[in-house]
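See structure below.
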Ligand SMILES: [Zn+2]
């Protein structure tokens with residue numbers, strides 16, 4: 001009988017040890033993110049208003065002889081983490097300072113664009129003047145984007161992100177992480 005009691009006590013200790021030290025380690029990445037970031041109502045595509053304005057941007061750029069392509073729009077947390085790792089885990093350049101949940105792309109509120117030259121090449125050249133009007137095509141696109149309500153990453157103080165356009169709808173990244181969402 002005493003032996004059984006010892007066994008029960010030992011089992012209880014093992015159970016508590018497991019709950020305290022082993023179980024928390026086994027949380028998946030998603031559950032760990034969940035501790036800091038509210039992932040309810042996370043979109044899986046561009047916000048409809050952003051999608052509509054993106055279509056307008058492509059059309060209005062086309063009207064002044066500038067062909068653009070959208071190189072990136074919605075990004076999942078996982079895709080964002082992979083992008084963050086680029087340039088940190090190998091020798092390629094750093095492309096983002098944002099981890100999963102830290103970018104407007106993760107909430108369907110940002111796009112990246114590039115120019116397409118006459119011969120179909122995708123270019124990231126701020127001086128390119130393909131429509132020959134003496135102005136930078138890139139900045140002409142940016143002007144249209146701002147007119148449509150986008151904020152431009154090239155205006156940022158620290159990490160200038162020239163292809164990046166976003167609409168924050170008045171929400172900070174912190175507020176989005178806390179679960180607030182635009183309508
Ligand atoms: Zn971007």
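No lab work stands behind these numbers, since they all come straight from the coordinates. From a predicted model like this one, the values you see are computed outputs, not experimental measurements.
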Rg and Dmax of region 48-177 over Cα atoms: what are they, in angstrom?
15.0, 44
Expressed in angstrom and rounded, the centroid-to-centroid distance over alpha carbons for region 106-139 and region 43-91 is 13 Å
